[in-house]
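S.K.: Please find one structure pasted underneath; my questions will follow.
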Amino acid sequence: MKYQISGKQIDIGEALRTHVEQELGTVVEKYAQRPTDAQVVFSKNAHEFVCETVVHLSTGLTAQASAKATDIYAAFDEAAEKMDKQLRRYKRRLKDHHKERANPVEVLGGSSYILAAEDESEDDEPATLQPMIIAEMETRVPTISVGEAVMQMELAHAPLLVFRNEKTNGVNVVYRREDGNVGWIDPGTQA
C-alpha cells in the first residue's frame, strides 16, 4: 500500500510516519485484502491536532476518518480507531463485494466546480444569472450498484454520492435525508 503522509504547516517526523504506516496497515489489512493507497494529513487547529485519513481500496471504495486531540499521536490513533470501526461494520459487505468483482470498479472522470456564494441582500438584483466559478476540480464517478453506493457514501461520511448505476448505466445519486433515511435519485426510471 502506498502512503502519503503530510502536514499542513507542521513538520511530520520519521517516527510518526513509521507509526502511521504500521498502525494503519494493520487496521486496513484486517478488512480489505487489496488496499491501494492511504492519505493521512495532519494539521493544527488552535491547541488541537487534527488527523484526516483517507484509504482507497482496489474495489473503488474509499473509507475516511478524522479526529482531533491535543497530542498528534492521539489524534492519529483516534482516527485509526474510527477507520477500524467503519471497516469492521462493513467487513462482510466488503468481502462479498471483493468476491463478486474480479476487476476493480470502473471510475469515470468528471469536473466538479465550486461556485461563489451570493450576497443575501434583498434589495439588490444580481448583475447576472450566471454564478461565478471560483474553483474547478477533477472528481471520480464510480460504476457501482445502488447498495455499494450507499455503503460508499456512509464510509466516506458524505452527504451524497453521484455514481453510474451498474444495471442501467445511467447517472444516479444517493443522499442522506433529513429524517436519517437514504434517498436515491434515478432519472432513468419512469413512474
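S.K.: Could you say which residue among Val141, Val173, Val150, Val162 is of a type outside the set (Gly, Ala, Ser) and part of a helix (DSSP H, G or I)? Lay out the reasoning, then the answer.
M.R.: Details: Val141 fails: part of a helix (DSSP H, G or I); Val173 fails: part of a helix (DSSP H, G or I); Val162 fails: part of a helix (DSSP H, G or I).
From the options Val141, Val173, Val150, Val162, the qualifying one is Val150.
S.K.: Look at Ser43 and say whether it is surrounded by 15 or more Cβ atoms within 10 Å (Cβ to Cβ), in contact with a Phe, Trp or Tyr (Cβ under 8 Å, 6 or more places away or on another chain) and at pLDDT 90 or above. Step through it out loud before you land on a result.
M.R.: On the way: surrounded by 15 or more Cβ atoms within 10 Å (Cβ to Cβ): yes; in contact with a Phe, Trp or Tyr (Cβ under 8 Å, 6 or more places away or on another chain): yes; at pLDDT 90 or above: yes.
Judged against the criteria, Ser43 is a match.
S.K.: Related question: Restricting the first residue to the stretch 70-84 and requiring it to be closer than 18 Å to Ser6 by Cα and without any contact (Cβ under 8 Å) to a residue 40 or more places away in the chain, which pairs with a second residue that is among the polar types (S, T, N, Q) and surrounded by 15 or more Cβ atoms within 10 Å (Cβ to Cβ) meet a Cβ separation below 7 Å and a spacing of at least six or different chains?
M.R.: Partner pairs satisfying both residue conditions: Ala79/Thr53; Ala79/Ser66.
S.K.: Among the residues of the stretch 21-31, are any assigned by TED's automatic domain parsing to the domain that holds Gln9, small (Gly, Ala, Ser) and closer than 24 Å to Val162 by Cα?
M.R.: No, that holds for no residue.
S.K.: Where residues in the stretch 150-167 are at pLDDT below 90 and within 17 Å of Pro187 (Cβ to Cβ), which of them is surrounded by the most Cβ atoms within 10 Å (Cβ to Cβ)?
M.R.: Glu166
S.K.: Further question on the same structure: Please work out which residue is modelled with the lowest pLDDT, limiting yourself to the stretch 104-131 and to residues that are touching a Lys or Arg at 6+ places or on another chain (Cβ under 9 Å) and aliphatic (A, V, I, L, M).
M.R.: Step by step, filter the stretch 104-131, then rank; the result is Val107.
S.K.: Would you pick out the residues in the stretch 135-171 that are over 26 Å from Lys85 (Cα atoms), polar (S, T, N, Q) and out of contact with any helix residue (DSSP H, G or I) (no Cβ under 9 Å at 6 or more places or on another chain)?
M.R.: Selection gives Thr139, Thr168, Asn169.
The values are calculated or read from the model by the stated rules, or taken from the named source; none is laboratory data. Bear in mind the structure is a predicted one, so any value in this text is a computation, not a measurement. FYI the Cβ positions are ideal-geometry reconstructions off the backbone, even for glycines, and counts take in every protein chain you see.
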